[in-house]
Amino acid sequence: GDSVVIVGGGLAGLRTAEALRRQGHSGPLTLVAAEEHLPYDRPPLSKSLLTGQDPAPRWLRPEEAYAELGLDLRLSRRAVALDTARREVALDDGDALPYARLVIATGARARTIAAFARHANVLTLRTWDDCLALRTELGRARHVTVVGGGVLGCEIAASARTLGLEVTLVEALEQPLARVVGGTVGAAVAALHRDRGVDLRLSTSVVELLGEERAHTVVLSDGARLRTDLVVVAVGAAPNTEWLAGAGLELDDGVVCDATGAASAEGVFAAGDVARLPHPAGEGTVRLEHWSAAGDTAALVAANLFAAPGERRPLSEVPYFWSDQYDVKVQTLGLPGHGAEPVVVEGAAESGRFLALYAREGRVTGAVALSMPAALFRCRATIAERAPLSDALAAAPWTRRPRT
Ligand code: FAD
């Protein structure tokens, strides 16, 4: 048969369906989507949608354009089990969907802090529904505490400041974003938030919340106590793989795939935030939670789904990620971080406008730019080729380097 079942109605799931049809796949195509909404874009949820600058989600595809996809779209439906021997997906309404090929694109969900679960006004952000709830609470609050200084926590802090709230951002590491980009770039991001009036509490964590009602006292591990109206937990995301328990698929913080996007059972592939792939720019496997990676892996899986194993192509795209905080764009190309500190090759970290290169064993693996998008994209080939750092430094300044 040639029937395809895609589980997950986010960016990766929808883009896989679109790519399959574009390639001429004409067999039955089912998209199972747990949310009640048509697929929408997540990045604005922490930015223009949270500030209310945009009122409604950016739909990934206009409603009227679904008919031409010839999709059996099951909204508000959840896959609850997978039988790889019978090649069948069980849904929460009792339906069983047989497949010739299955694409797992169930994404990730916000991690929570179990100890805070009993408190009112402790929110997370992953979906449009979460965004609406958070927007409402931000409208009522005077002071918000954001737990977690990763990308999402920084964006939520920035949006809350833009709305005029008092904001405390609590991060366990020495700098925000340190896990992703290291302390040098993290310090520049810290300066950005301090300049905009965020009360940044670094190298400390929230150990306790006191008070059951709308107001809380936040107790930090360094002993500080803060009064706050609202707590937002932004401590990362966990892949949605619970429904795969017992399917015999190899799981390890995500669905383990080979470089072509194929999972460990025949006919099963994975794309997007839930997929863990070996990456040419990395060591071992990586699970990228990047908007562009969702599109890259969707295209990869669509191309390989019906190809013979020997004819499948491996993932080759250089990873790209961006984050908008206030009027500043933080962007990464390749795989920066991993404990390495970068070399600033243009601008200056103190100025808040710079390009920095990351290297491992003397070879360039990634780059980060703050407010320097053009310079960032000019080092794409350097990263793709893992060029020696010494060559890259000799070629600087990058703004004068011709495009390659
Ligand atoms: P998701 O978007 O998570 O979609 C998966 C879908 O599957 C969900 O709708 C889920 O409900 C559904 N699902 C889960 N389990 C089941 C099941 N069992 N059955 C049926 N359906 C199921 N990336 C950037 O590069 N730049 C940014 O600025 C940026 N900003 C972001 C801001 C926010 C608030 C968030 C949450 C993410 C942001 N990202 C950003 C990351 C980017 O949005 C994700 O990488 C992308 O959404 C991943 O797409 P996906 O389809 O793999 O997963």
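The values are calculated or read from the model by the stated rules, or taken from the named source; none is laboratory data. As the structure is a prediction and not an experimental result, all values here were calculated from the model. Cβ sites come from the backbone with ideal geometry, for glycine too, and all protein chains shown count toward neighbours. Just so you know, the surface numbers come from the protein's heavy atoms only, side chains and all, with ligands and any DNA or RNA stripped out. Shrake-Rupley method; radii C 1.70, N 1.55, O 1.52, S 1.80 Å.
Things worth noting here:
- Net lengthening on full extension, Ala245/Ser26 (0.36 nm per residue, minus Cα-Cα): 75.7 nm
- Distance between region 7-45 and region 211-251 - C-alpha centres, whole angstrom: 28
- Contour excess over end-to-end distance, with Cα ends at Asp54 and Thr112 and 0.36 nm allotted per residue: 18.2 nm
- Fraction of accessible area attributable to carbon and sulfur, region 327-400 (%, probe 1.4 Å): 52
- The chain: C-alpha gyration tensor shape, a/c 1.5 cut-off, then a/b vs b/c: oblate
- Gyration tensor verdict on region 124-231 (Cα atoms; rounded if a/c is under 1.5, prolate if a/b is larger than b/c, oblate otherwise): oblate
- The relative contact order of region 112-233, computed from alpha carbon pairs under 8 Å that lie at least 6 residues apart in sequence, is 30 percent.
- Annotation for region 256-294 versus region 327-395: alpha-carbon center distance of 24 Å.
- Normalising the average separation of contacting C-alpha pairs (under 8 angstrom, six or more residues apart) by the number of residues puts the relative contact order of the chain at 14 percent.
- When you filter the GluC sites (Glu not before Pro) in region 1-76 for DSSP loop state and at most 12 other Cβ atoms inside 10 Å of their Cβ, you are left with Glu36.
- Area of Asp327 that stays accessible when all protein chains are in place (1.4 Å probe, Å², to 10): 120
- For region 327-400: rounded, prolate or oblate by the Cα gyration tensor [a/c cutoff 1.5]: prolate
- Relative contact order [Cα under 8 Å, 6+ residues apart], region 327-400, whole percent: 32
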